[in-house]
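**Q** So that we are looking at the same thing, I have put the structure below in structure tokens.
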Amino acid sequence: KPVEAALGLLAERPADWYLARPDLPRAAEPARLAAALPDGAPWRVFDSVAAALEQAVADCGAGDQVLIVGSFYTVAEALNAMDEDD
């Protein structure tokens, strides 16, 4: 998949990056994602999509937004984590 091209589309947006690999053998490794980020972009790696989402939400301030990008599997894991929190 064109990970580098996809992340390049978001490169000009200021963001903190919370990287995680969905539970899927063919998913991109966080190191590959980190290498595709703009120089100086802040990023951290998490053991799961749920853990990354939890930390991203915890780090949010008033008016901040969390944008989940990745495969349908990544988004599905994030949605499942949000459902578990309800």
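**Q** Suppose R0 equals 22 Å. What FRET efficiency, 1/(1 + (r/R0)^6) with r the Cβ-Cβ distance, do Asp23 and Gln65 give to the nearest 0.05?
**A** Values: r = 25 Å, r/R0 = 1.14.
With R0 = 22 Å, the Cβ-Cβ based efficiency is 0.30.
**Q** Could you compute the FRET efficiency for Glu84 and Ala6, with r as their C-beta to C-beta distance and R0 at 25 Å, rounded to 0.05? Walk me through the intermediate numbers first.
**A** Values: r = 27 Å, r/R0 = 1.09.
The value I calculate is 0.35.
**Q** With a ≥ b ≥ c the root eigenvalues of the C-alpha gyration tensor of the stretch 41-86, is it rounded (a/c under 1.5), prolate (a/b larger than b/c) or oblate? Write down the numbers at each step before the final one.
**A** On the way: a/c = 1.59, a/b = 1.21, b/c = 1.32.
Oblate, because a/c is 1.5 or more while a/b does not exceed b/c.
**Q** Additional query: Could you report the chain's accessible area per residue, 1.4 Å probe, as an integer in Å²?
**A** Numbers: 6280 Å² over 86 residues.
Per residue, the chain has 73 Å² of solvent-accessible surface.
**Q** Another question, if that's okay. Under a no-solvent Debye model with one identical scatterer per Cα of the stretch 1-45, what's log10 I(q)/I(0) at q = 0.15 Å⁻¹?
**A** Computed log10 I(q)/I(0) values: -0.35.
**Q** From the gyration tensor of the Cα coordinates in the chain, what semi-axes in whole Å does the equivalent ellipsoid have, largest first, with each one equal to sqrt(5λ)?
**A** On the way: eigenvalues 76, 59, 23 Å².
Each semi-axis is the square root of five times an eigenvalue, giving 20, 17, 11 Å.
**Q** A follow-up question, please. Could you please state how large a percent of the accessible area of the stretch 1-41 is carbon and sulfur, counting protein chains only and using a 1.4 Å probe?
**A** Values: 1570 of 2900 Å².
Heavy-atom surface of the stretch 1-41 belonging to carbon and sulfur, 1.4 Å probe: 54 percent.
**Q** Would you list Asp59, Asp39, Asp23, Asp16 from the most to the least accessible area, probe 1.4 Å?
**A** Details: Asp59 75, Asp39 160, Asp23 140, Asp16 95 Å².
Order by accessible area, largest first: Asp39, Asp23, Asp16, Asp59.
**Q** Also, quick follow-up: Taking R0 as 25 Å, what FRET efficiency do you get between Val57 and Arg13 from their Cβ-Cβ distance, rounded to the nearest 0.05? Kindly include the intermediate steps, with their values, before the conclusion.
**A** Details: r = 18 Å, r/R0 = 0.73.
Taking R0 as 25 Å, the efficiency between Val57 and Arg13 is 0.85.
The values are calculated or read from the model by the stated rules, or taken from the named source; none is laboratory data. Computed from a prediction, not measured in an experiment: that's the story for all the values here. Quick reminder, even Gly has a Cβ in these numbers, built from the backbone with ideal geometry, and neighbours come from all protein chains shown. Ligands, DNA and RNA are excluded from the accessible area calculation, which covers all protein heavy atoms including side chains. Shrake-Rupley method; radii C 1.70, N 1.55, O 1.52, S 1.80 Å.
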